[in-house]
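Down below is the structure, laid out as structure tokens.
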Amino acid sequence: MSANHQRTRLAFLAVLLTCLVVSLISVGYPLYVIRPFRAQGARELAVALAIIRWRPAITLISAAAALTLLAGYWRAQPRKRYRALAAAGAGLVCALAVFARVNVYELMFHPIEHPSFSAVPQVKLDKDEKVIAVKIASDARAYPIRVMAYHHIVNDVLDRVAIVATY
């Protein structure tokens, strides 16, 4: 095997690894930054939102590059084990390209459609826990902020009036 052939294979792998890292950062960084109960700086949030805006294109380009590189690496590499590792890396880049198109926040923050309630003596809240309180006529509800932070919306009915509580 020539040194030139070896350099070609290493170049294929380096670019494939770069595609994988770029795709992982594109998907992972916004998930790390934008989560409930985590303080977010203005700058890191702006970066995370910019990544979210561009990640479909970035991950699609990375997936196309990874598949193209895999084809070239496949021809240059005779060992099946290394081919399989390269194929797994390219497959992961493609999976991240698909995952980048899923709005995880919609899945995480789904509305509570049918809330359940307990009488005040049975409720176990911390003494400092904050709630959203709603009262219509003689009906009253309290929605804990801790729960609302994950769902953001509760659809409910109080005194035969449909309401939406949001946080």
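Structural remarks
- Amide proton proximity set for Ile132, modelled H, under 5 Å, gap of 5+: Tyr143, Ile145
- Between 0 and 90°, nearest 10: helix 42-76 axis offset from the chain longest Cα axis: 30
- Over the chain, the ratio between the Cα radius of gyration and 2.2 N^0.38 Å evaluates to 1.61.
- Residues whose placed amide H lies under 5 Å from that of Ile163, excluding near-sequence neighbours: Asp156, Val157, Leu158
- Between region 10-42 and region 99-167, the alpha-carbon center distance in angstrom: 33
- Ratio Rg/Rh, restricted to region 120-166 and using Cα atoms, in which Rh is the Kirkwood radius: 0.97
- Helix axis angle, 3-33 relative to the chain longest principal axis, alpha carbon, degrees: 10
- Relative contact order of the chain, defined on C-alpha pairs under 8 angstrom at six or more residues apart (%): 21
- Footprinting exposure proxy for Trp54, Trp74 (fewest neighbouring C-beta atoms within 10 Å first): Trp54, Trp74
- Geometric extent, Cα atoms of region 88-167 - Rg, Dmax (angstrom): 18.4, 61
- The angle separating the long axis of helix 80-99 from the principal Cα axis of greatest extent in the chain is about 30 degrees.
- Scalar couplings 3J(HN,Hα) for region 118-132, obtained by applying the Karplus form with A = 6.51, B = -1.76, C = 1.60 to θ = phi - 60°, are 10, 5, 3, x, 8, 7, 10, 10, 5, 5, 9, 5, 8, 9, 9 Hz; x denotes Gly and Pro.
- The GluC sites (Glu not before Pro) of region 49-145 meeting both criteria, a DSSP state outside H, G, I, E and B (loop) and at most 13 other C-beta atoms within 10 angstrom of the site's C-beta, are Glu113, Glu129.
- Comparing Pro78, Ala133, Ala66 along the charge dipole axis of the chain, the residue lying farthest to the positive side is Pro78, per the Cβ-charge model.
- Total charge dipole magnitude, region 1-96, about the Cα centre, Cβ charges on Lys, Arg, Asp, Glu only, Debye to nearest 20: 300
- 11 Å beta-carbon shell around Val154, net charge (K/R +1, D/E -1): -1
- For a straight C-alpha distance cut-off of 29 angstrom, the lysines reachable from Lys135 (same-chain residues fewer than eight places away being disregarded) are Lys124, Lys127.
- Highest mean packing comes first when the peptides 41-48, 117-124 are listed by Cβ atoms within 10 Å, giving 41-48, 117-124.
Every number in this text was worked out from the coordinates using simple rules, so none of it is lab data. From a predicted model like this one, the values you see are computed outputs, not experimental measurements. A quick note on method: Cβ atoms are made from the backbone with ideal geometry, for glycine too, and the neighbour counts reach across all protein chains shown.
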